[in-house]
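The next block holds one structure in the form of structure tokens; read it before the comments.
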Amino acid sequence: MVDFSIDSTFQVKLDWMKDFVENKVRPLEYIYDYDFDAPFDTSNVALRKIVVRLQNEVKAQGLWAAHLPPHLGGHGFGAVKLTYMNEMLGLSAFGSVIFGCQGPDTGNSEILAMFGTDEQKRTYLQPLLDGEIFSTFAMTEPQGGSDPTNLQCVARRDGDDWVITGDKWFSSNARNAAFIIVMAASDPEAPPYERATMFIIPRDAPGFEIVRDIGFWTDAPNSGGHPWIRFNDVRVPDSARLGPIGEGFKVAQSRLGGGRLHHAQRNIGLVKHLIDLMAERAVSRFSGGKPIASNQAVQHTIAQSYIEWTQYRLLVLYTAWLFDQQMEHGSEGRKMISAVKAAMAKIAEDVVVRAVHLHGSHGLSNIMRFGHYLASALHEGAADGVTELHLGLVSKLFLRDYTPRLDSNLPGETTFLKKAWAQEKLQPLLDELGLTFEDGRASIETDLPEEKYNLRKGSIGA
Ligand SMILES: Cc1cc2nc3c(=O)[nH]c(=O)nc-3n(C[C@H](O)[C@H](O)[C@H](O)COP(=O)(O)OP(=O)(O)OC[C@H]3O[C@@H](n4cnc5c(N)ncnc54)[C@H](O)[C@@H]3O)c2cc1C
């Protein structure tokens, strides 16, 4: 069944959300400085009051933490409906926090729910779900993020405790987090995917250090929400371990799929916003006495962007549907999550460059926010796994369904092979009708290739 309609009860929610995001959430980002991670900034008491007030409106509408299943206090909207919601939040850096669905807290709450002890759930999961605290997920290290089998941050067993030593890189929101989930090598000599274990480290643990704040290009030096952090022999009890020893990869894997989908859903909104800006510009800017939209090149740019956006949105909706069928961990689900991840980076990069270009000097100026959008678009290709790795995975899973033709140098679609195959297939039908191929002036292969080209019978046309 394919059905693109949206039920009327849910449409009412979407309409409320559209108005709320546009008129109460989006204004925040023009006033408050996201460089300093404003929505997460627990020290900004006044802003927190505004955020909490808006969060309460969302809660009253039953739209809080919409990604959560009912057993975690969510309303169980499912991933397809979440697509329609999250795309509205893609425009606003504040949106996810106000709706209780911001990364990395969403992924962290998932693994706390799946692997946490009762005590860990009480201490960390519940306040996280309630929006009272924030968290960090620290996996990437300064020497490289694409290969997490090469972790240098280690966890040594010392009596009943663990001692964590090492650096982590681009640890989003560590400055405002109440705790950090860190992936450390607990047995560096074990097989690569059995080396790591996850730990929950309170941010005020002795020995925890923020080496330096790091942000995007567009952030002021020494600002930004992705610090370089260090664990200087941070000692924690075994009760800080999240999941079994040596299963850090399994824990990490189980949080990544959902996070990538949520990101892709928000990216739909970001790209649509860029297309809206292009459209406004195209009909408003005049050159040679005509709107620039009257130029074919401009029309093509806009049409191309709109078509790509629609394709991308359908790709995300299909992948979300796979989540709703509990297929996200299967081969099709994993392939599509990586496909969506790669597609999100590509469309965001392509459209943002077109949008800047169409805005000319305004596009390149500091009175617009294209630098921010460009950084945001490019980050899609790095965070949560670089595009190359995702394309590689798509290809690997896609090619699994193909068997090599090792008995011939000829491609399976070679016309004379296909003719022989087609003859074989159609012969019974023609026999039934008392016809020959010649009767219908068919062009047939008389020189059967299995003999001439030494092909095994049965492989023809495979
Ligand atoms: C905004 C942002 C937020 C982030 N937040 C977090 C966070 O909260 N927690 C966290 O742990 N990490 C976080 N990261 C880090 C992110 O996960 C890494 O950037 C990512 O895994 C890539 O690692 P890297 O940056 O070290 O790039 P590298 O691994 O050095 O890769 C650089 C380039 O090398 C090439 N390359 C590398 N490996 C391969 C390969 N196998 N095949 C083909 N080409 C390859 C690609 O061209 C790639 O782009 C964040 C990153 C960004 C940008």
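Read the figures in this text as sums done on the coordinates, not as results from a lab. Nothing here was measured: the structure is a model prediction, and the numbers come from that model. Quick reminder, even Gly has a Cβ in these numbers, built from the backbone with ideal geometry, and neighbours come from all protein chains shown.
Computing Rg and the Kirkwood Rh from the Cα coordinates of segment 380-433 gives a ratio, Rg/Rh, of 1.33. In order along segment 36-52, the phi-based Karplus estimate (6.51 cos²θ - 1.76 cosθ + 1.60, θ = phi - 60°) of 3J(HN,Hα) comes to 9, 6, 3, x, 8, 5, 5, 8, 8, 4, 5, 5, 4, 4, 5, 4, 4 Hz; Gly and Pro are listed as x. Over segment 250-399, consider all pairs of different Cα atoms and compute the Kirkwood hydrodynamic radius from their mean reciprocal separation; express it in Å, one decimal. Radius from the Kirkwood sum: 16.4 Å.
Taking chymotrypsin sites (Phe, Trp or Tyr not before Pro) across segment 187-223, the ones in a DSSP loop with at most 16 further Cβ atoms lying within 10 angstrom of their Cβ are W217. By the compact-protein rule of thumb, 2.2 N^0.38 Å, the alpha-carbon radius of gyration of segment 65-109 corresponds to a ratio of 1.08. For the pair segment 328-386 / segment 1-48, the C-alpha centres are spaced 20 Å from each other. Loop only per DSSP, at most 16 neighbouring Cβ atoms within 10 Å: give me the trypsin sites (Lys or Arg not before Pro) in segment 293-396, ordered by residue number. When the trypsin sites (Lys or Arg not before Pro) of segment 293-396 are filtered for loop state and at most 16 Cβ neighbours within 10 Å, R369 remain.
Protection proxy ranking, highest mean first, for peptides 296-305, 92-101: 92-101, 296-305, where packing is the per-residue count of other beta-carbon atoms within 10 Å, averaged. Across the alpha-carbon set of segment 1-102, the Rg to Rh ratio works out to 0.99, Rh being the Kirkwood radius.
Listed by chain and number, the lysines placed with their C-alpha closer than 24 angstrom to that of K419 are K452, K457; residues fewer than eight positions away on the same chain are left out. I need the fraction of alpha carbon pairs in segment 122-166 separated by more than 13 Å, rounded to a whole percent. Counting pairs separated by more than 13 Å, the tail of P(r) holds 68 percent. With a cut-off of 14 Å between beta carbons, the residues surrounding P291 carry a summed charge of +2, where Lys and Arg count +1 and Asp and Glu -1. Neighbours of A113, meaning other residues whose beta-carbon lies under 11 angstrom from its beta-carbon, give a summed charge of +1 when Lys and Arg score +1 and Asp and Glu score -1.
Once the convex hull of all Cα atoms in the chain is built, its volume per residue stands at 225 Å³. Each Lys or Arg adds one and each Asp or Glu takes one away; over the other residues whose Cβ falls under 14 Å from the Cβ of R156, this sums to -3. Computed across segment 135-242, the Kirkwood hydrodynamic radius from all distinct Cα-Cα pairs reaches 13.9 Å. For the peptides 107-115, 40-48, the ranking by mean Cβ contacts within 10 Å, running from highest to lowest, is 107-115, 40-48. Between D3 and Y318, the contour length at 0.36 nm per residue exceeds the alpha carbon distance by 112.3 nm.
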